[in-house]
Amino acid sequence: MDRRNFLNLAALGGFSAAMPHLAFAAAKQVPVLILIELSGGNDSHNTVIDLQQLTEYQKLRPQLALNRDQRFNLDNNFALHNALQGFQVPWNRQELAIVHGLGYPQANKSHFRSIEIWDMATAANQYSDTGWLANILPKLSNSDITALTFGRNAAPFSGGLAQHIQLDNLAGFFERSKKLKNHPRPTSNSALRHLLTLNNNVAASKAQLMQGLSRQVPLATAFPKTKFARQMADVAKVIRMDLNIPAFKVAIGSFDTHRAQKNKHRQLLKQLADGMLALRSELIQSGHWPNVLMMTYSEFGRRAAQNGSGGSDHGTAASHFLMGGRVKGGHFGSYPSLSELVDRDVLYQLDFRSVYQSVIRQWWQQPEYTIAAGLEQLDLIHS
């Protein structure tokens, strides 16, 4: 086997050359954060509707606005897209928080740059190679693996001291890990020999991980067949193994809805709701729900007005969801005005990093942790 073939196997298997061995956790479990990236820029205006601004909303979106049959009233002030109907249950049980108006000054509308800003928790004019969770995660857990990413973008965990694994799914990861294990060790290529040595260091832990999965009671919840729901099912399996991994990341793509948005957006939001609610159901039954927090984020919102193609264009501020067994349910932040637009965009109301910093301080009980000076503290979590 040459170095190229080895690296192909390693990439497919989610192998991390920086990762040592996985230390299995003690009985007490660290609180778990699940990041859910809505890749492409979710249209928040058609996700969470401010009923106090319904007239302005309908004027800005004569074809795109949701009618009465396409939305449901969450309370007297806000409605959600009908695809999120299942969110009514965690809302009624005060397990769902909606944070409005999230953004940052001088918003960048490039997909690549703006998601980098959200992943690294920087200002628009700052650059960093370190994800916003990269340095805090190793302080939280005695596990050598501090994060798992299902999918492509592991940037929130990159750089710093965090040891993370990036993979497509559990089954493929372990199958390809077996292939790495079975290859003979070369004697002439020092770089390849080093990589194989690192892989051998994690082989025993991978075997334990596979044994743990094989011993697990099957999931009690029937997860949907979408890619996102399969990722959430894999997250549930790992959480139920009690490995003390404090963070996970999953994603749904295709939120860049410039054209023919209505049906596509409905399908995407239904996938989101079905996957989140299936995970909630599973973790309630397993007893892990009080120890888990899910949080959505996206690189930007969409403009207030519809475009000429039945869709919406890159915008600024957006609403996002936090769901968990210890979330303080309710509304946080302020919904932006739909009548006071700048360059056809709403004005952001709350720095997104306020949510990040509040989560770290309250969820993981790190009261002194600071991402940036002057950020508003949100009371999001029950102690």
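From the list Arg302, Arg280, the lone residue that is charged (D, E, K, R), crowded, with 21+ Cβ neighbours inside 10 Å and touching a Ser or Thr at 6+ places or on another chain (Cβ under 6 Å) is Arg302. Inspect all residues belonging to the range 357-378 and state whether any of them is closer than 26 Å to Asn46 by Cβ, in contact with a helix residue (DSSP H, G or I) (Cβ under 7 Å, 6 or more places away or on another chain) and surrounded by fewer than 21 Cβ atoms within 10 Å (Cβ to Cβ). Among the residues of the range 357-378, at least one is closer than 26 Å to Asn46 by Cβ, in contact with a helix residue (DSSP H, G or I) (Cβ under 7 Å, 6 or more places away or on another chain) and surrounded by fewer than 21 Cβ atoms within 10 Å (Cβ to Cβ), which makes the answer yes.
Would a scan of the range 332-354 turn up a residue that is out of contact with any strand residue (DSSP E or B) (no Cβ under 6 Å at 6 or more places or on another chain), within 24 Å of Gln106 (Cα to Cα) and aromatic (Phe, Trp, Tyr)?
no
Is it the case, given these coordinates, that Ser141 is at pLDDT below 80 and among the hydroxyl-bearing types (Ser, Thr, Tyr)? It is false that Ser141 is at pLDDT below 80 and among the hydroxyl-bearing types (Ser, Thr, Tyr). Filtering the range 122-145 to residues that are of a type in the set (S, T, N, Q) and within 20 Å of Val355 (Cβ to Cβ) leaves Thr122, Gln126, Ser128, Thr130, Asn135. Phe300: closer than 21 Å to Ser354 by Cα, assigned to a strand (DSSP E or B), at pLDDT 95 or above and under 17 Å from the mean Cα position of the chain (by Cα), yes or no? In short, no. Looking at the structure I just gave you, is Gly131 small (Gly, Ala, Ser), more than 19 Å from Thr257 (Cα to Cα), at pLDDT 95 or above and surrounded by fewer than 21 Cβ atoms within 10 Å (Cβ to Cβ)? Considered against the rule, which asks whether it is small (Gly, Ala, Ser), more than 19 Å from Thr257 (Cα to Cα), at pLDDT 95 or above and surrounded by fewer than 21 Cβ atoms within 10 Å (Cβ to Cβ), Gly131 comes out as no. For the range 1-15, the criterion of being farther than 25 Å from Glu299 by Cβ, modelled with pLDDT under 95, in a loop (DSSP other than H, G, I, E, B) and under 23 Å from the mean Cα position of the chain (by Cα) is satisfied by at least one residue. Of all residue pairs spaced 6 or more apart or on separate chains, those with beta-carbon atoms under 7 Å, a first member in the range 109-129 that is touching a residue at least 40 places away in the same chain (Cβ under 8 Å) and a second member that is assigned to a helix (DSSP H, G or I) are Trp118/Phe352; Ala121/Arg353; Ala121/Tyr356. Taking the criterion of being closer than 22 Å to Ile360 by Cα, touching a strand residue (DSSP E or B) at 6+ places or on another chain (Cβ under 8 Å) and touching a residue at least 60 places away in the same chain (Cβ under 8 Å), the residues of the range 136-161 that qualify are Leu137, Ile145, Thr146, Ala147, Leu148, Thr149, Phe150, Asn153, Ala154, Pro156, Phe157. Taking the range 311-345 as the range and being among the hydrophobic types (A, V, I, L, M, F, W, C) and either under 18 Å from Leu80 (Cβ atoms) or assigned to a strand (DSSP E or B) (or both) as the test, the residues that pass are Ala317, Ala318, Phe321, Leu322, Met323, Val327, Phe332, Leu338, Val342.
This table checks each residue for (1) among the hydrophobic types (A, V, I, L, M, F, W, C); (2) touching a residue at least 12 places away in the same chain (Cβ under 8 Å).
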| position | (1), (2) |
| --- | --- |
| Pro31 | no, yes |
| Leu35 | yes, yes |
| Asp43 | no, yes |
| Thr55 | no, no |
| Gln58 | no, no |
| Gln63 | no, yes |
| Asp69 | no, yes |
| Asn73 | no, yes |
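Any idea how many residues of the range 315-344 are modelled with pLDDT of 95 or more and over 27 Å from Leu137 (Cα atoms)? Counting residues in the range 315-344 that are modelled with pLDDT of 95 or more and over 27 Å from Leu137 (Cα atoms) gives 14.
So for the range 329-340 (the condition being polar (S, T, N, Q), in contact (Cβ under 8 Å) with a residue 40 or more places away in the chain, in contact with a Ser or Thr (Cβ under 6 Å, 6 or more places away or on another chain) and surrounded by fewer than 21 Cβ atoms within 10 Å (Cβ to Cβ)), does at least one residue qualify?
Restricting attention to the range 329-340, the residues satisfying the condition of being polar (S, T, N, Q) are 334, 337, 339.
Narrowing the set further to residues that are in contact (Cβ under 8 Å) with a residue 40 or more places away in the chain leaves 334, 337, 339.
Cutting the leftovers down to in contact with a Ser or Thr (Cβ under 6 Å, 6 or more places away or on another chain) gives us none.
Looking for residues that are polar (S, T, N, Q), in contact (Cβ under 8 Å) with a residue 40 or more places away in the chain, in contact with a Ser or Thr (Cβ under 6 Å, 6 or more places away or on another chain) and surrounded by fewer than 21 Cβ atoms within 10 Å (Cβ to Cβ), one finds none in the range 329-340, hence no.
Only residues that are among the acidic types (Asp, Glu) and over 25 Å from Asn92 (Cβ atoms): list them for the range 55-76, please. Hit for the range 55-76 is Glu56, nothing else.
Can you say whether Asn76 is within 16 Å of Lys270 (Cβ to Cβ) and among the polar types (S, T, N, Q), as far as the supplied structure shows?
Values: within 16 Å of Lys270 (Cβ to Cβ): no; among the polar types (S, T, N, Q): yes.
Here the answer is no, as Asn76 does not meet what is asked.
The values are calculated or read from the model by the stated rules, or taken from the named source; none is laboratory data. This structure is a prediction, so every number in the text was calculated from the model and none was measured. In this analysis, Cβ positions are derived from the backbone assuming ideal geometry, glycine residues included, and neighbour counts consider all displayed protein chains.
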